[in-house]
1. Go through the stretch 82-116 residue by residue and tally those that are under 16 Å from ALA210 (Cβ atoms) and more than 19 Å from the chain's Cα centre (by Cα).
2. If I filter the stretch 96-135 down to residues being open to solvent by less than 50 Å² (accessible area, probe 1.4 Å) and of a type in the set (Gly, Ala, Ser), which single residue comes out as nearest to ALA85 (Cα to Cα)?
3. When the residues of the stretch 77-131 are narrowed to those that are of a type in the set (Asp, Glu) and more than 27 Å from VAL146 (Cβ to Cβ), which ends up modelled with the lowest pLDDT?
4. Could you check how many residues of the stretch 198-223 are open to solvent by less than 30 Å² (accessible area, probe 1.4 Å) and over 19 Å from THR12 (Cα atoms)?
5. Evaluate the following for ALA180: is it among the aliphatic types (A, V, I, L, M), crowded, with 24+ Cβ neighbours inside 10 Å, modelled with pLDDT under 80 and in a helix (DSSP H, G or I)?
6. Does MET46 meet the test of being open to solvent by 10 Å² or more (accessible area, probe 1.4 Å) and within 20 Å of the chain's Cα centre (by Cα)?
7. PHE152 is checked against (1) touching a residue at least 12 places away in the same chain (Cβ under 8 Å); (2) aromatic (Phe, Trp, Tyr); (3) open to solvent by 50 Å² or more (accessible area, probe 1.4 Å); (4) assigned to a helix (DSSP H, G or I) and fails just one. What number does that condition carry?
8. If you go through the stretch 136-146 one residue at a time, how many are modelled with pLDDT of 85 or more and open to solvent by 30 Å² or more (accessible area, probe 1.4 Å)?
Amino acid sequence: MDPSSLLQYLITGLTLGSTYGLTALGFTIIFNTTGVINFAQGEFVMLGGMMSVYFMHSLGFGEPAAVVLAVLGATMAGALVERLAIRPVRDCPAINLIIITIGVSIFIRGLAMLLWGKDTHVLEPFSGNQPIMFLGAAIMPQAIWVLVISLFLLGALKMFFSGTIHGKAMLACSFDSKAASLVGIGVQRMVLLSFMISALVGAVGGVILAPITMTSYDVGIMLGLKGFAACILGGLGNPFGAAAGGVILGVLESFGAGFVSSAYKDALAFVILLILLFVKPSGLFGLKDSKRV
């Protein structure tokens, strides 16, 4: 295997892994605030791509406006999920809430199929299709957009959680929601905010990936599973561990497709995940003896 091919696999893996990392980040944000695994997270990724295509091709918006409107629309969808599906049953056991998120995922996917059909749709690349050659590997301009936007979003979230009052309030809720409530933090507002942020992050991932892999009503299933796998791989509850887990999963998947077969790339990624979890069940960046109280 020549070095240029290895570099090509690495670039492809980093591109896909960045999107998996953003999806995993959405899982972690909601888990830290509510203790719930939101299996509708993949549908927020789907909504970002599908709504961008709809606003651009059906309503005639320019691509920048269509992307912004799609991200805002998906963020509002996240808020509606929390208000209509999660908040009314917030006192139920976590397993009940997880099952509700699976139902929400099926509902959103069915609604998307009714609105936009079963066809696969293409979103135009942000800056053309002309590849950039680097050490024998071809880098698509959209791949650079994916990497840059993912890094920017990670940095923005880091600043939000460490430098803003709302970010610190969300972190307080993740440590102890009862204590946070006693000191005057609106826990329900923080839960709503966590759903909106996770939907925004997922929608951004869907928008930047759609020009590369295309999009349809059912892409959220596999992207959600990959994001959940990345979340577990990096360490459940660790936001930036989840993002790193996504990148690792994407790179492993890309090299697996290159060295084994693209037909088995999904299975190979999950097999490697299982092996790693047998060795370190808390994930690569999780605390070994950590426990939610």
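1. If we filter the stretch 82-116 for residues that are under 16 Å from ALA210 (Cβ atoms), which is where we start, we get 112, 116.
Add one more test, that the residue is more than 19 Å from the chain's Cα centre (by Cα), and what stays is 116.
Count: 1.
2. Applying the filter and picking the extreme gives GLY103.
3. Filtering the stretch 77-131 for residues of a type in the set (Asp, Glu) gives 82, 91, 119, 124.
Going one step further and asking which of them are more than 27 Å from VAL146 (Cβ to Cβ), we end up with 82, 91.
Working: GLU82: 87, ASP91: 75.
The residue in question is ASP91.
4. 7
5. Working: among the aliphatic types (A, V, I, L, M): yes; crowded, with 24+ Cβ neighbours inside 10 Å: no; modelled with pLDDT under 80: yes; in a helix (DSSP H, G or I): yes.
The answer is no for ALA180.
6. Values: open to solvent by 10 Å² or more (accessible area, probe 1.4 Å): no; within 20 Å of the chain's Cα centre (by Cα): yes.
No.
7. Here PHE152 meets the rest and fails (1).
8. Within the stretch 136-146, residues that are modelled with pLDDT of 85 or more and open to solvent by 30 Å² or more (accessible area, probe 1.4 Å) number 2.
The values are calculated or read from the model by the stated rules, or taken from the named source; none is laboratory data. These numbers come from a predicted model, not from an experiment. Cβ coordinates were reconstructed from backbone atoms using ideal geometry, including for glycine residues, and neighbour counts include every protein chain displayed. Accessible surface is based on the protein model in full, side chains and every heavy atom, while ligands, DNA and RNA are left aside. Shrake-Rupley method; radii C 1.70, N 1.55, O 1.52, S 1.80 Å.
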